[in-house]
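Below is the structure I would like to discuss, written out as structure tokens.
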Amino acid sequence: MPYNVSVGLTPLEDDMRIECPHCESKVSITGHNKMSPAVKDIYASCNCGWRGVMTLSHKHDIQPPTIQMRSMLQQLIATMPAEERAALLEPVG
């Protein structure tokens, strides 16, 4: 059964490290398979003798990519009445 990698991730300054689910030591990544753009199976091994497969996945966005936000804004502005669009261009204050 694959372990949820988020359980074994520990902040290490600016890096993340993946820990063994048994001894909590840092594991070595020996390979990976991309299951989808948001999911990877990671093959790992540890000095304690453990070897296994962990799943790393994207959970959710905190902020969408800039190009996506720009597109959403353009679509929203295009649906606004002309007077509301003009009001957006007026200086605030």
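The values are calculated or read from the model by the stated rules, or taken from the named source; none is laboratory data. All values derive from a computational prediction rather than experimental measurement. When we count neighbours, we look across all protein chains shown, and the Cβ atoms used for this are built from the backbone with ideal geometry, even at glycine. Side chains are part of the model used for accessible areas, which takes the heavy atoms of the whole protein and leaves out ligands, DNA and RNA. Shrake-Rupley method; radii C 1.70, N 1.55, O 1.52, S 1.80 Å.
Scan region 57-71 residue by residue and report those that are over 30 Å from Ile18 (Cα atoms), surrounded by 11 or more Cβ atoms within 10 Å (Cβ to Cβ) and not charged (D, E, K, R). If you could, list the steps in order and put the result at the bottom.
Here is the first cut: in region 57-71, the ones over 30 Å from Ile18 (Cα atoms) are 67-71.
Remaining after also requiring surrounded by 11 or more Cβ atoms within 10 Å (Cβ to Cβ): 68-71.
Selection gives Gln68, Met69, Ser71.
Output the residues belonging to region 75-87 that are assigned to a helix (DSSP H, G or I) and either modelled with pLDDT under 85 or loosely packed, with under 10 Cβ neighbours inside 10 Å (or both).
Initially, region 75-87 is screened for residues assigned to a helix (DSSP H, G or I), giving 75-79, 82-87.
Gln75, Leu76, Ala78, Thr79, Ala82, Glu83, listed by residue number.
Looking only at residues that are assigned to a loop (DSSP other than H, G, I, E, B) and surrounded by fewer than 10 Cβ atoms within 10 Å (Cβ to Cβ) in region 19-51, which one is nearest to the chain's Cα centre (by Cα)?
Across region 19-51, the extreme among qualifying residues is Pro37.
Please work out which one of (1) touching a helix residue (DSSP H, G or I) at 6+ places or on another chain (Cβ under 7 Å); (2) modelled with pLDDT under 90 is the condition Thr55 fails and give its number.
The one condition Thr55 does not meet is (2).
Oh, and also: Checking Gly93 against (1) at pLDDT below 90; (2) surrounded by 11 or more Cβ atoms within 10 Å (Cβ to Cβ), only one condition comes out false. Which one?
Status for Gly93: all satisfied but (2).
While we're on this one: Just one of (1) under 25 Å from Met16 (Cβ atoms); (2) open to solvent by 70 Å² or more (accessible area, probe 1.4 Å) trips up Met54, so point out which.
Failing condition for Met54: (2).
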